[in-house]
Amino acid sequence: MSTTTLDLAPAAGRSSQGVRRSAMEVATSIALALIGAAAIWDSSRLGAGWGAEGPQSGYFPFWIGLILAGTSLASLVPVLRARGAAAEAMFVTWPQLRLVMSVLIPTVFYVAAIPLSGIYLASAALVAYFMTRLGEFTWRSALPAAAATALVAFVTFEVWFLVGLPKGPIEELLGF
């Protein structure tokens, strides 16, 4: 196994490139404002007023959505007014984002695979993938570790705690 280090800091004199903090703040504010707007719209559909028996079912979600949308939009003001170093601050560099995506994307596939293959097979595949891709282990050592992880999780949840987790075709073949 080779050891490599990932240098995420820019070299001296070289400007770092990536996503600016101000861009992320704008995107987050807009996303939260849209979630608040969706809550306002859906609450209005349900009834967001005060009825004869008290508040209607959409009353409290309406006000929470209004507060969320209002504060999210209000947080845009200082971001849009910022100048200089505050506006140019880096949120994440491209190498850092690549490292995050190397974990996020396989995890999304893992979650999508659970209904099809069951949690244990999907977990074993994820562990083996991470060990070989990020941990630089060989498949010969990753596969037994992945199988052992899935087996320990199965015994812990299904046998000891009696908690049924999503099963796939392998568990069905074994009678679980």
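Quick look at the numbers
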{"read-out": "Hits in the range 154-174 - residues which are farther than 16 Å from TYR110 by Cα and among the aliphatic types (A, V, I, L, M)", "value": "VAL155, VAL159, LEU162, VAL163, ILE170, LEU173, LEU174"}
{"read-out": "Within the range 81-108, considering residues that are surrounded by 14 or more Cβ atoms within 10 Å (Cβ to Cβ) and touching a helix residue (DSSP H, G or I) at 6+ places or on another chain (Cβ under 7 Å), the one nearest to VAL127 (Cα to Cα)", "value": "PRO106"}
{"read-out": "Among the candidates SER123, SER117, SER141, residue that is modelled with pLDDT of 95 or more, surrounded by 12 or more Cβ atoms within 10 Å (Cβ to Cβ) and more than 19 Å from VAL103 (Cβ to Cβ)", "value": "SER141"}
{"read-out": "Cβ pairs under 6 Å, 6+ apart, first in the range 156-176 and over 16 Å from ALA124 (Cα atoms), second of a type outside the set (Ser, Thr, Tyr) and assigned to a helix (DSSP H, G or I)", "value": "VAL163/PHE157"}
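Every residue, every condition in (1) out of contact with any Ser or Thr (no Cβ under 7 Å at 6 or more places or on another chain); (2) of a type outside the set (A, V, I, L, M, F, W, C); (3) under 28 Å from SER29 (Cα atoms); (4) assigned to a loop (DSSP other than H, G, I, E, B), yes or no:
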residue: ARG45; (1), (2), (3), (4): yes, yes, yes, no
residue: PHE60; (1), (2), (3), (4): yes, no, yes, no
residue: GLY65; (1), (2), (3), (4): no, yes, yes, no
residue: LEU80; (1), (2), (3), (4): yes, no, yes, no
residue: ARG83; (1), (2), (3), (4): yes, yes, yes, yes
residue: TYR110; (1), (2), (3), (4): yes, yes, no, no
residue: ILE114; (1), (2), (3), (4): yes, no, no, no
residue: LEU126; (1), (2), (3), (4): yes, no, no, no
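The values are calculated or read from the model by the stated rules, or taken from the named source; none is laboratory data. Please read all numbers here as calculations on a predicted model, not as lab measurements. No Cβ is skipped: glycine too gets one built from the backbone with ideal geometry, and neighbour counts run over all protein chains shown.
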